[in-house]
Amino acid sequence: MGVQETGRDVDTGTKNKYRRMDSELTDYGGDDDDLEVVPYKQTQHERNKRTRKYVFACAVFASLNNVLLGYDVGVMSGAIIFIQEDLKITELQQEILIGSLSVISILGSLAGGRVSDAVGRIWSMGLAAIIFQIGAAIMTLAPNFQFLMIGRLLAGVGIGFGVMIAPVYIAEISPTISRGTFTSFPDIFINLGILLGYVSNYVFSGLSYHTNWRVMLAVGIVPSVFIAFAIFIIPESPRWLVMQNRVDEARSVLMKTNEMSSEAEERLSEILASAEAGNRDTAVWRELMNPTPVVRRMLVAGIGIQSFQQITGIDATVYYSPEILQTAGLEDKSRLLAATVAVGVSKTAFIMVAILVIDKVGRKPLLYVSTIGMTFCLCGLGISLSLFDKDSVGVVLVIVLVCGNVAFFSVGIGPICGVLTSEIFPLRLRAQAFALGAVGNRVCSGIVAMSFLTVSHTISMSGTFFVFTLISALSVVFVYKIVPETKGKSLEQIELLFQKERGWREDDVELSDTQKLVQDHENSTSVL
């Protein structure tokens, strides 16, 4: 019993490692005379470290498209000031230009689910980058508002396409224990892009208004160039490979992305079982449009959290931060753009809090902190803008509250929205169901971006933030009633959470004992 049978892994061609009863690992590479004994803990530690680095690199490369969305959001907040001066656009055209990207990205998100299921997650990322590059180039060279809109619409399709794919891919390739952390990477890169956009505004604002906004937009093409390299480096999603009956390739990827071979085989078995069940079901879109009670619960949770992420006004705070600060009394353009850099730093820095603790404390505690904190900051903004009339104290308070709002957003609902939506749907529905959630996200983003200035002129800037306060308070209730805790559960086990008949109750969905979930599923199967 000291050593198991030796041999080679037929599918991967790699040497098998076996653990002795005395906690040592035998690496058998040939004859018995060549038998080498290596301390198990040391060897396993090296493999764990290598695996984490590999998955980390995959998550980084897959998230590069999200820099494009973040950069566009950040840079447009400042570039629009100079576009108005150069192209003489109206306030309505300004709202259309800013908000159209969110609306048109719906087309990219809807197409992204189907295309990524057809050609794979990797090549879909590359296609998204190409579409964005074409749109960004047209915007950079646009001689008038019409050409600017054409480029904006193409960029929106590319962004919607890319942003939808990254969280799905990372969730499918990440090991269970660290999936939350890695699936948060896309939001990190969105925040990084926003910060880079703000910095670009500040750095190039000294150029002539005929040139500065074009340079600001042109810089956004740079991140997409690196995506061309990424698609030749990172592996395809193992779950997509199984869907294509490429099981050996899927096993090879899982061996690289899971710390234990046994865990990789367990994940592969779960994926195969899920894919087999999906093959017996109706067409994906037919099931989504006419969902079962289980799928309906998933859709409500997924689309709901995606919509609340945007309808609470984060895009208004980011896109229109210069206008908000002008209302508070800050008029100088250079100081305005410098203040927006502080907003970007806050948004980017605080997302690291979520990354560090999301797989330790869970999704729901961070969502509570985030939504409650945002509610107080939005309420504070409404009060400050109504009580202080272009007062220096009011300006400082508004800057602090705007930074606080984006910080609380980054701590929870910002990154966790993508994590949850990529986790809760079964394999057969995941890509296209995530696309539906992205549609809700982009619709809400477009509504906010295209109406903020008009609404703020109608009911005042402070009144608009009181509306956001009410919506943010509703998001707290939504998290409490609807959103399940998914920490530490495999993607296939999460599906079982929604199979409970009273899936909305905390004691039903927040089960910490995975074994109980499996037993419940086996019991229900035996009854059938």
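The values are calculated or read from the model by the stated rules, or taken from the named source; none is laboratory data. Fair warning: this is a prediction, and the values are worked out from it, not measured in the lab. So basically every Cβ, Gly included, is an ideal-geometry build from the backbone, and we count neighbours across all protein chains shown. The area values use the complete protein model at the heavy-atom level, side chains included, leaving out ligands, DNA and RNA. Shrake-Rupley method; radii C 1.70, N 1.55, O 1.52, S 1.80 Å.
Can we say VAL103 is among the β-branched types (Val, Ile, Thr), closer than 18 Å to ALA438 by Cα, in contact with a Gly (Cβ under 9 Å, 6 or more places away or on another chain) and surrounded by fewer than 21 Cβ atoms within 10 Å (Cβ to Cβ)? Walk me through how you get there before you give the answer.
Values: among the β-branched types (Val, Ile, Thr): yes; closer than 18 Å to ALA438 by Cα: yes; in contact with a Gly (Cβ under 9 Å, 6 or more places away or on another chain): yes; surrounded by fewer than 21 Cβ atoms within 10 Å (Cβ to Cβ): yes.
Yes: the conditions hold for VAL103.
Suppose we filter ILE165, ILE227, ILE177 for residues that are out of contact with any Pro (no Cβ under 6 Å at 6 or more places or on another chain), part of a helix (DSSP H, G or I), at pLDDT below 80 and open to solvent by less than 10 Å² (accessible area, probe 1.4 Å); which single one remains? So that I can check it myself, show each step before the final result.
Working: ILE165 fails: at pLDDT below 80; ILE177 fails: open to solvent by less than 10 Å² (accessible area, probe 1.4 Å).
Of the residues listed, the single one that is out of contact with any Pro (no Cβ under 6 Å at 6 or more places or on another chain), part of a helix (DSSP H, G or I), at pLDDT below 80 and open to solvent by less than 10 Å² (accessible area, probe 1.4 Å) is ILE227.
Return the residues of the stretch 383-399 that are open to solvent by 40 Å² or more (accessible area, probe 1.4 Å) and assigned to a helix (DSSP H, G or I); say none if nothing qualifies.
Those that are open to solvent by 40 Å² or more (accessible area, probe 1.4 Å) and assigned to a helix (DSSP H, G or I): ILE383, SER386, LEU387, SER392, VAL393, VAL396, LEU397, ILE399.
List the number of the failed condition for ALA431; all other conditions in (1) in contact with an Asp or Glu (Cβ under 7 Å, 6 or more places away or on another chain); (2) open to solvent by 30 Å² or more (accessible area, probe 1.4 Å) hold.
(2)
Residues of the stretch 232-246 being more than 14 Å from THR257 (Cα to Cα) and among the charged types (D, E, K, R), which ones?
Within the stretch 232-246, ARG246 is the sole residue that qualifies.
List the number of the failed condition for SER456; all other conditions in (1) at pLDDT 85 or above; (2) among the small types (Gly, Ala, Ser); (3) under 24 Å from VAL477 (Cβ atoms) hold.
(3)
Which of the residues spanning the stretch 351-375 are open to solvent by 10 Å² or more (accessible area, probe 1.4 Å) and either over 24 Å from LEU470 (Cβ atoms) or among the β-branched types (Val, Ile, Thr) (or both)?
MET352, VAL353, ILE355, LEU356, VAL357, ASP359, LYS360, VAL361, VAL369, ILE372, THR375
Can you report the number of residues in the stretch 285-338 which are part of a helix (DSSP H, G or I) and either under 24 Å from SER410 (Cβ atoms) or open to solvent by 40 Å² or more (accessible area, probe 1.4 Å) (or both)? Can you show your working first?
The initial filter retains those residues of the stretch 285-338 that are part of a helix (DSSP H, G or I), namely 285-289, 293-311, 314-319, 321-328, 333-338.
From the residues that got through so far, the ones that are either under 24 Å from SER410 (Cβ atoms) or open to solvent by 40 Å² or more (accessible area, probe 1.4 Å) (or both) too are 285-286, 289, 293, 296, 300-311, 314-319, 321-328, 333-338.
Qualifying residue count for the region: 37.
So in the stretch 230-258, with the set limited to residues that are among the hydroxyl-bearing types (Ser, Thr, Tyr) and over 19 Å from the mean Cα position of the chain (by Cα), which one is most open to solvent (accessible area, probe 1.4 Å)?
First, pick out the residues of the stretch 230-258 that are among the hydroxyl-bearing types (Ser, Thr, Tyr): 237, 252, 257.
Still in the list and also over 19 Å from the mean Cα position of the chain (by Cα): 252, 257.
Numbers: SER252: 43, THR257: 0 Å².
Selected residue: SER252.
Among the residues of the stretch 68-84, how many are at pLDDT below 85 and closer than 19 Å to PHE204 by Cβ?
Residues that pass the stated criteria total 8.
When residues of the stretch 197-213 are filtered for being assigned to a helix (DSSP H, G or I) and farther than 20 Å from LEU97 by Cα, how many remain?
Here the count works out to 4.
Given the criteria of a type in the set (D, E, K, R), surrounded by 24 or more Cβ atoms within 10 Å (Cβ to Cβ) and assigned to a helix (DSSP H, G or I), does ASP86 qualify?
Against the criterion (of a type in the set (D, E, K, R), surrounded by 24 or more Cβ atoms within 10 Å (Cβ to Cβ) and assigned to a helix (DSSP H, G or I)), ASP86 does not qualify.
So is THR140 touching a residue at least 24 places away in the same chain (Cβ under 8 Å), closer than 30 Å to PHE350 by Cβ and in a helix (DSSP H, G or I) or not? Steps first, please.
On the way: touching a residue at least 24 places away in the same chain (Cβ under 8 Å): yes; closer than 30 Å to PHE350 by Cβ: no; in a helix (DSSP H, G or I): yes.
It is false that THR140 is touching a residue at least 24 places away in the same chain (Cβ under 8 Å), closer than 30 Å to PHE350 by Cβ and in a helix (DSSP H, G or I).
Could you grab the pairs with beta carbons closer than 6 Å, sequence gap of 6+ or different chains, first residue in the stretch 196-219 and hydrophobic (A, V, I, L, M, F, W, C), second one part of a loop (DSSP other than H, G, I, E, B)?
Pairs that qualify, where the first residue is hydrophobic (A, V, I, L, M, F, W, C) and the partner is part of a loop (DSSP other than H, G, I, E, B): there are none.
Here's the yes/no breakdown for (1) within 27 Å of PRO322 (Cα to Cα); (2) in contact (Cβ under 8 Å) with a residue 60 or more places away in the chain; (3) of a type in the set (S, T, N, Q):
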residue	(1), (2), (3)
GLY78	yes, yes, no
ILE81	yes, yes, no
GLU85	yes, yes, no
ILE96	yes, yes, no
SER100	yes, yes, yes
VAL103	yes, yes, no
LEU110	no, yes, no
GLY113	no, yes, no
ILE131	no, no, no
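Filtering the stretch 267-281 down to residues that are at pLDDT below 75 and either more than 12 Å from GLU495 (Cβ to Cβ) or under 24 Å from the mean Cα position of the chain (by Cα) (or both), which residue is surrounded by the fewest Cβ atoms within 10 Å (Cβ to Cβ)?
ARG280
Can you tell me which of (1) over 30 Å from PRO426 (Cβ atoms); (2) touching a residue at least 24 places away in the same chain (Cβ under 8 Å); (3) not polar (S, T, N, Q) is the one VAL222 doesn't meet?
Of the numbered conditions (1) over 30 Å from PRO426 (Cβ atoms); (2) touching a residue at least 24 places away in the same chain (Cβ under 8 Å); (3) not polar (S, T, N, Q), the odd one out for VAL222 is (2).
Since SER116 meets every condition but one in (1) among the hydroxyl-bearing types (Ser, Thr, Tyr); (2) out of contact with any helix residue (DSSP H, G or I) (no Cβ under 7 Å at 6 or more places or on another chain); (3) within 25 Å of ARG239 (Cβ to Cβ), which condition does it not meet?
The failed condition is (2).
Against the condition within 28 Å of SER174 (Cα to Cα), open to solvent by less than 70 Å² (accessible area, probe 1.4 Å) and small (Gly, Ala, Ser), how does GLY380 come out, does it pass?
Details: within 28 Å of SER174 (Cα to Cα): no; open to solvent by less than 70 Å² (accessible area, probe 1.4 Å): yes; small (Gly, Ala, Ser): yes.
In short, no.
Here are some conditions: (1) at pLDDT below 80; (2) charged (D, E, K, R); (3) part of a helix (DSSP H, G or I). ARG251 meets all but one. Which one does it not meet?
Unmet for ARG251, out of (1) at pLDDT below 80; (2) charged (D, E, K, R); (3) part of a helix (DSSP H, G or I): (1).
Are any residues in the stretch 311-351 small (Gly, Ala, Ser) and at pLDDT below 80, and if so, which ones?
Correct list: SER334 only.
Give the stretch 127-157 a look and list any residue that's open to solvent by less than 10 Å² (accessible area, probe 1.4 Å) and among the small types (Gly, Ala, Ser), or say none.
Matches in the stretch 127-157: ALA128, ALA129, GLY135, ALA136, ALA142, GLY151, ALA155, GLY156.
Return the residues of the stretch 400-428 that are open to solvent by less than 10 Å² (accessible area, probe 1.4 Å), in contact with an Asp or Glu (Cβ under 7 Å, 6 or more places away or on another chain) and in a loop (DSSP other than H, G, I, E, B); say none if nothing qualifies.
If the condition is that a residue be open to solvent by less than 10 Å² (accessible area, probe 1.4 Å), in contact with an Asp or Glu (Cβ under 7 Å, 6 or more places away or on another chain) and in a loop (DSSP other than H, G, I, E, B), then PRO426 is the only one that fits.
Residues checked against (1) under 18 Å from the mean Cα position of the chain (by Cα); (2) β-branched (Val, Ile, Thr); (3) outside any helix (DSSP H, G or I):
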| residue | (1), (2), (3) |
| --- | --- |
| ILE104 | no, yes, no |
| GLY112 | yes, no, no |
| ILE130 | no, yes, no |
| ALA136 | no, no, no |
| ILE150 | no, yes, no |
